[in-house]
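Below is one structure, written out as structure tokens; comments come after it.
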Amino acid sequence: MQITDLPYLVQFFVALILTSLTVLIHLGGMNLVYHHFRRFWHRANHNLAKRMVMVGIMAIMMFTHCAEVAVWAIFYHRLHITPDWHSAAFYSLASYSTLGETNLTLPEQWRGIGGLEGINAMLMFGWSTAVLAMVVLKIRGLVE
């Protein structure tokens, strides 16, 4: 048996490396959310300012997720898994968002990687949701 006989095992380990990178990016992004909230929430003395703090939080989260999509897209592009950069970015965005609808067919040895990217994304979306829930709980004064 050769390593090429275990394509999903290889893809799993590659996905673990890419997931590790996205975890580090996400950690940085969620730390930015925390600092943004702590720095600006109590200074916001009217409703519009508080809304802008929330817009900032969502912008940080969106940027964080887009950076994570880029990590996967760079991988697809650099290994020539997709035909060009635009295809890599589109495929990654479709996989990360779990939309999954593309007209791209990946090479046989990489066909499972999009699903693994989707699993990674669900974990990152869950993390973002937990952080956003904590922000809302803090706003409502339900937690310290």
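The values are calculated or read from the model by the stated rules, or taken from the named source; none is laboratory data. Because the structure is predicted, anything quoted here is derived from the model rather than measured. Note that each Cβ is placed from the backbone with ideal geometry, even for glycine, and that neighbours are counted across all protein chains shown. The area values use the complete protein model at the heavy-atom level, side chains included, leaving out ligands, DNA and RNA. Shrake-Rupley method; radii C 1.70, N 1.55, O 1.52, S 1.80 Å.
Take the conditions (1) farther than 20 Å from G126 by Cα; (2) assigned to a helix (DSSP H, G or I); (3) open to solvent by less than 30 Å² (accessible area, probe 1.4 Å); (4) modelled with pLDDT under 95; F75 misses just one of them, which is (4). Quick check: is even one residue across region 37-54 touching a residue at least 12 places away in the same chain (Cβ under 8 Å), part of a helix (DSSP H, G or I) and within 30 Å of I113 (Cα to Cα)? No, the conditions are met nowhere in region 37-54. When the criteria are applied in full, T82 fails the requirement of being in contact (Cβ under 8 Å) with a residue 40 or more places away in the chain, of a type in the set (V, I, T) and open to solvent by less than 50 Å² (accessible area, probe 1.4 Å).
Within region 85-143, being surrounded by 12 or more Cβ atoms within 10 Å (Cβ to Cβ), in contact with a helix residue (DSSP H, G or I) (Cβ under 7 Å, 6 or more places away or on another chain) and among the charged types (D, E, K, R) holds for one residue alone: E117. Within region 115-144, residues that are touching a residue at least 12 places away in the same chain (Cβ under 8 Å) and among the hydroxyl-bearing types (S, T, Y) reach partners that are crowded, with 17+ Cβ neighbours inside 10 Å and in a helix (DSSP H, G or I) with beta carbons closer than 6 Å, at six or more positions or on different chains, in the pairs S128/M61.
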